[in-house]
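K.L.:
Dropping a structure here in structure tokens format, bear with me for questions.
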Amino acid sequence: MDTDSPSSLESTPALWNPNAAACWCLVFTPVFGMFLHARNAESLGRLAEAKANRIWLYVAITFLAVTLFTIFIPRFPPGIVRLCGLGILLGWYFSVAKKQVQYVKETWQDQYPRKTWGKPILIAIGGLVAYFVIAIILGVINAVVFGRITSGN
């Protein structure tokens, strides 16, 4: 391998596999992939792409926060939340994430240093647990203060 070439392994920053990061979004919410894609883009020097990922990240975090408070809206249709969440995921993937997946694949194929998944996955699990604890607390507040229990149907 030519060590002077820009695509050599020595000059390639360690990255999280962008395709795997996008797939993990299905388990850990799009926030997971958006954050890792932003960090990858920063490592690659693709600052506009990093900024776009951060914008999507802020949109997704805001969406998750707003979603928590829909519990206080009687008969709020859960389909709207699902549709918006799917729209955010697909909008991010096709406007930003897919470009990084293709760039890494075209530039290095599968020959680039990989960052480990342990820490990001543990943080994501912690974030999900915290989100669900907050949702439960808000549900209890809703039931106690307003005397109602909402169903997901």
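K.L.:
Could you work out how much longer the chain between residue 84 and residue 70 gets when fully extended? Use 0.36 nm per residue separation minus the Cα distance between them, nm to one decimal.
P.N.:
Going from the current span to full extension adds 3.7 nm.
K.L.:
Carbon and sulfur atoms: what percent of the 1.4 Å accessible area of the chain do they account for?
P.N.:
So the carbon and sulfur contribution to the accessible surface is 69 percent.
K.L.:
Related question: Which chymotrypsin sites (Phe, Trp or Tyr not before Pro) from region 61-153 combine a DSSP loop assignment with at most 15 other Cβ atoms within 10 Å? Spell out each step's value before the answer.
P.N.:
Numbers: sites: 63, 69, 72, 92, 93, 94, 103, 108, 117, 131, 132, 146; in loops: 117.
The qualifying sites are 117.
K.L.:
Now for a separate question. Kindly provide the helix-only [θ] at 222 nm of the chain, computed as the sum of -39,500 (n - 2.57) over DSSP H runs of four or more divided by all residues, to the nearest 500 deg cm²/dmol?
P.N.:
Here the helix-only value at 222 nm equals -23000 deg cm²/dmol.
K.L.:
What FRET efficiency, computed as 1/(1 + (r/R0)^6) with R0 = 22 Å and r the Cβ-Cβ distance, is obtained for residue 108 and residue 23, rounded to the nearest 0.05?
P.N.:
Efficiency, from the Cβ-Cβ distance: 0.75.
K.L.:
Could you pull out the trypsin sites (Lys or Arg not before Pro) across region 23-87 that fall in loop regions by DSSP (anything but H, G, I, E, B) with no more than 10 other Cβ atoms inside 10 Å?
P.N.:
Values: sites: 39, 46, 51, 54, 75, 82; in loops: 46, 75.
Here the trypsin sites (Lys or Arg not before Pro) that fit, given the DSSP loop and packing criteria, are 75.
K.L.:
Using the heavy atoms of the protein chains alone and a 1.4 angstrom probe, what is the accessible area of region 54-128 per residue in square angstrom?
P.N.:
Per residue, region 54-128 has an accessible area of 65 Å².
K.L.:
Tell me, what ³J(HN,Hα) does each residue in region 93-99 have, in order and in whole Hz, if you take phi through Karplus 6.51 cos²θ - 1.76 cosθ + 1.60 with θ = phi - 60° and put x for Gly and Pro?
P.N.:
4, 7, 8, 9, 4, 4, 5
K.L.:
May I pose another question? For region 39-47, in order, what is each residue's ³J(HN,Hα) by Karplus, 6.51 cos²θ - 1.76 cosθ + 1.60 with θ = phi - 60°, in whole Hz (x at glycine and Pro)?
P.N.:
Each residue of region 39-47 in turn: 5, 4, 4, 4, 4, 7, x, 9, 5 Hz.
K.L.:
For residue 16, what residues show an amide H to amide H distance below 5 Å, using hydrogens built from the backbone and excluding near sequence neighbours?
P.N.:
Close amide H contacts, sequence-distant or interchain: 115.
The values are calculated or read from the model by the stated rules, or taken from the named source; none is laboratory data. Keep in mind the model is a prediction, meaning the values are calculated, not measured. Here the Cβ is made from the backbone with ideal geometry for all residues, glycine too, and neighbour counts use every protein chain on show. Side chains included, ligands, DNA and RNA excluded: accessible areas come from the protein's heavy atoms. Shrake-Rupley method; radii C 1.70, N 1.55, O 1.52, S 1.80 Å.
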